[in-house]
Each structure stands twice: as C-alpha cells, then as structure tokens.
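To keep things clear, I will list the structure first and then write my remarks on it.
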Amino acid sequence: MYSKNIKGKFNVIESFAIRSKDEFYLIGSLTEGEIQKEWFVNVVLNSSLSLTLRIFNIDEIEISGEEEKYKLLSISGDNETLDILLGLNIGNEDVNITLEGSD
C-alpha cells in the first residue's frame with residue numbers, strides 16, 4: 001500500500017455481515033480525508049500484509065441513544081470472504097481508504 005494512494009482514514013467501531021445479501025458492513029466515522037464508492041478499505045493483517053475491500057455503498061446511519069451520525073460502508077463478498085472478514089473481528093481500529101486495491 002502506497003501512502004500517495006491514501007485518501008482518508010476511517011475509524012471502524014463495529015463490523016457485521018448479512019449472509020442472505022452476501023454483504024459485509026463497517027460502521028464508523030471518517031476521521032481524515034474523504035471516501036467514495038468504488039474506493040477501497042485497507043485492513044492491516046500484519047506489518048507486511050493488508051486486505052483491500054472495495055466499497056460499493058456508503059450510507060449515513062444513526063444509532064439509538066447516540067447523537068453522532070456514523071457511516072455504514074457496504075462490501076460484497078461470497079460466503080468464504082464473509083467468514084474471513086467476520087473472523088478478523090474488525091472494530092475499534094482505524095483503516096486507510098485508498099483509490100487502489102484488488103477485489
């Protein structure tokens with residue numbers, strides 16, 4: 001991942017999947033820069049490996065009892081991809097938003 005490709009930072013507070021839709025979701029806030037559909041979320045697995053996930057939709061959501069509005073990033077994936085993403089337990093972490101990645 002090249003720093004020149006980083007367009008923003010997204011603080012993920014929680015993630016979940018809806019298997020009947022083959023979709024994975026990240027809830028959080030953009031803390032820096034910008035974000036757009038078709039860009040990528042980069043989840044760092046270790047110091048030399050990251051997973052890139054294409055964003056296919058961005059929604060604004062509200063959570064009961066909280067004043068802050070959050071963004072819901074939608075990512076599509078097959079059953080195996082959803083298993084991997086759920087296993088990563090993505091939450092309470094910052095991820096980079098980039099222009100480039102691989103599906």
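The values are calculated or read from the model by the stated rules, or taken from the named source; none is laboratory data. Only a predicted model underlies this, so the values are computations on that prediction, with no experimental measurement involved. Every residue, glycine as well, gets a Cβ built from its backbone with ideal geometry; the counts of neighbours run over all protein chains shown. Protein only, heavy atoms only, side chains kept; ligands, DNA and RNA dropped before computing areas. Shrake-Rupley method; radii C 1.70, N 1.55, O 1.52, S 1.80 Å.
Restricting attention to the range 51-61, which residues are free of Cβ contacts under 8 Å to residues at least 24 places away in the same chain and either touching a Pro at 6+ places or on another chain (Cβ under 7 Å) or open to solvent by 60 Å² or more (accessible area, probe 1.4 Å) (or both)?
Answer for the range 51-61, where residues must be free of Cβ contacts under 8 Å to residues at least 24 places away in the same chain and either touching a Pro at 6+ places or on another chain (Cβ under 7 Å) or open to solvent by 60 Å² or more (accessible area, probe 1.4 Å) (or both): Phe56, Asp59, Glu60.
Being surrounded by 15 or more Cβ atoms within 10 Å (Cβ to Cβ), more than 10 Å from the chain's Cα centre (by Cα) and not aliphatic (A, V, I, L, M) narrows it down to one residue among Ser64, Ser76; which is it? Spell out how you get there, then give the answer.
Values: Ser64 fails: surrounded by 15 or more Cβ atoms within 10 Å (Cβ to Cβ).
Exactly one residue qualifies, and that residue is Ser76.
So which of Gly28, Gly8 ends up being in contact with a Gly (Cβ under 6 Å, 6 or more places away or on another chain) and not basic (Lys, Arg)? Break it down into steps so the answer makes sense when it comes.
Numbers: Gly28 fails: in contact with a Gly (Cβ under 6 Å, 6 or more places away or on another chain).
On inspection, the qualifying residue turns out to be Gly8.
Could you name every one of the strands (runs of 3 or more DSSP E) located completely within the chain that has at least 3 residues being among the charged types (D, E, K, R)?
Details: elements: 6-18, 23-33, 40-46, 49-54, 57-62, 69-76, 93-98.
Here the list reads 6-18, 57-62.
Kindly establish whether Lys69 is open to solvent by 60 Å² or more (accessible area, probe 1.4 Å) and either more than 22 Å from Ile6 (Cβ to Cβ) or aromatic (Phe, Trp, Tyr) (or both). Even if it seems obvious, please write down each step before you answer.
Working: open to solvent by 60 Å² or more (accessible area, probe 1.4 Å): yes; either more than 22 Å from Ile6 (Cβ to Cβ) or aromatic (Phe, Trp, Tyr) (or both): yes.
Yes; evaluated as a whole, the condition is true for this residue.
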